[in-house]
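Here is the structure we will look at, set down as structure tokens.
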Amino acid sequence: MIKEDKKVRFAVVGSGHIGKRHAEMISRDDESELIAMVDIRSAKECEAEKFNVPFYNSIDELLSNKEINFDVVNICTPNGLHAEQAIKALEARKHVVCEKPMGLSKENCERVIFKALQVSKQVFCVMQNRYSPPSEWIKSIVEQRVLGKIFMVQLNCYWNRDNRYYKKGGWKGTQDLDGGTLYTQFSHFIDIMYWLFGDIDNIQGKFEDFIHQESTDFEDSGFISFDFINGGMGSINYSTAVAQQNLESSITIIGENGSVKIGGQYMNEVEVCNIKDYEMPTLKASNPANDYGPYKGSAANHNYVIKNVIDTLKGRTTPTTNALEGLKVVEIIERIYKLRNK
């Protein structure tokens, strides 16, 4: 545990858009301190010079320097590197904040958890959509059984990812470093579904690659249906073949006592709340989406992630998304993708 009067010290590995977002949120919090940044490119190429901290070109170079002291390593690199780099940080006796996905297989996630248990360190998984006001609200009414029995859940994720996103020579779209559309684009929404309703079974799927044959190693669209182990049935309908801009990320819930739909481009708006004897409360405004220039991502809630890490390491709370939950999202996606690979 870190003492109340001490700052939590972070090193960020991976200095792309999300890595710099982590660095910015760490720098803004009075209880945290950015100690170092890492990327295979130079600080100038990453536009990371403004943070004015030591810059390294590999996680090994960072961890081998015994002259700098820090508590947490934030893994913000391509997906396929997450598990390996998390294990290296844990072996160096550092806590880990891991961007989604925690790994590209259940086996790799299990290796991370095993190492964390061995060295008694925390692993925080970044699932920042849990902090969106509509997500917090729907979590409360599901837990309080306001909807009664859950009959049907439909998750729709329709985004634009074209050649502005999949650039030649980059890691996005590759099987070994990206892993697939559900890992990179839509794992946040699968996490919300799992967070609300638990595990799934009897999975069936249909997949298609409509426009990305030249730019990715995998599908861009799919229809998935399943049963929830806790009762009810569900589906995930997704695509990155939407023209020009994102269309929607939504979850529709049909329950015994009524229906709810949370929609908008990033599951950030309550569009329908029709529940017997229930009055919809006024929610605080959602944060805007992460802005990548020509395309948009999920909600920019990384400040809450960093705050949760600080509060947990100072003994005030527990992780919002723990390592077991991070593993479970990966395991669900892995089971879905086994159907794709048949």
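The values are calculated or read from the model by the stated rules, or taken from the named source; none is laboratory data. Source: prediction; values computed, not measured. All Cβ positions, glycine included, derive from the backbone under ideal geometry; neighbour counts span all protein chains shown.
Here are the numbers for the structure shown:
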| read-out | value |
| --- | --- |
| Residue identified as in contact (Cβ under 8 Å) with a residue 60 or more places away in the chain and assigned by TED's automatic domain parsing to the domain that holds PRO78 among ILE192, ILE113, ILE200 | ILE113 |
| Candidate set: segment 180-216, residues that are assigned to a loop (DSSP other than H, G, I, E, B), polar (S, T, N, Q) and within 22 Å of the chain's Cα centre (by Cα); chosen: the one nearest to GLY326 (Cα to Cα) | GLN185 |
| Filtered residue count, segment 88-123, keeping only those that are of a type in the set (A, V, I, L, M), in contact with a strand residue (DSSP E or B) (Cβ under 9 Å, 6 or more places away or on another chain) and within 22 Å of ILE2 (Cβ to Cβ) | 9 |
| Candidates SER105, SER187, filtered to the one that is modelled with pLDDT of 95 or more and not assigned by TED's automatic domain parsing to the domain that holds TYR266 | SER105 |
| Residue in segment 170-179 that is over 20 Å from the mean Cα position of the chain (by Cα) and either surrounded by fewer than 23 Cβ atoms within 10 Å (Cβ to Cβ) or in contact (Cβ under 8 Å) with a residue 40 or more places away in the chain (or both) present | yes |
| Test: residue in segment 139-149 that is within 30 Å of PHE226 (Cα to Cα), of a type in the set (Asp, Glu), in contact with a strand residue (DSSP E or B) (Cβ under 9 Å, 6 or more places away or on another chain) and surrounded by fewer than 21 Cβ atoms within 10 Å (Cβ to Cβ) | no |
| Which numbered condition LEU90 misses (of (1) in the same structural domain as PHE218 (by TED's automatic domain parsing); (2) more than 22 Å from GLU248 (Cβ to Cβ); (3) in contact with a helix residue (DSSP H, G or I) (Cβ under 7 Å, 6 or more places away or on another chain)) | (1) |
| Single residue of GLU208, GLU143 found to be of a type in the set (Asp, Glu), without any contact (Cβ under 8 Å) to a residue 12 or more places away in the chain and farther than 22 Å from LYS100 by Cα | GLU143 |
| Candidate set: segment 122-160, residues that are assigned to a loop (DSSP other than H, G, I, E, B) and aliphatic (A, V, I, L, M); chosen: the one farthest from CYS273 (Cα to Cα) | VAL126 |
| Given (1) assigned to a loop (DSSP other than H, G, I, E, B); (2) touching a Phe, Trp or Tyr at 6+ places or on another chain (Cβ under 9 Å); (3) more than 21 Å from GLU256 (Cβ to Cβ), number of the condition ASP176 does not satisfy | (2) |
| Residues satisfying the stated conditions in segment 1-60, i.e. under 21 Å from ARG93 (Cβ atoms), in contact with a Cys (Cβ under 9 Å, 6 or more places away or on another chain) and part of a loop (DSSP other than H, G, I, E, B) | GLY14 |
| Single unsatisfied condition, VAL97 versus (1) part of a strand (DSSP E or B); (2) assigned by TED's automatic domain parsing to the domain that holds ASN246; (3) buried (at least 16 other Cβ atoms within 10 Å of the Cβ) | (2) |
| Of all residues in segment 43-87 being within 16 Å of PHE124 (Cα to Cα) and among the acidic types (Asp, Glu), the one that is surrounded by the fewest Cβ atoms within 10 Å (Cβ to Cβ) | GLU84 |
| Condition met for SER135 (touching a residue at least 40 places away in the same chain (Cβ under 8 Å), in the same structural domain as ASN237 (by TED's automatic domain parsing) and polar (S, T, N, Q)) | yes |
| Residues of segment 243-263 that turn out to be crowded, with 19+ Cβ neighbours inside 10 Å and assigned to a loop (DSSP other than H, G, I, E, B), as a count | 1 |
| Members of segment 168-205 found to be of a type in the set (A, V, I, L, M) and under 27 Å from GLY232 (Cα atoms), listed by number | LEU182, ILE190, ILE192, MET193, LEU196, ILE200, ILE203 |
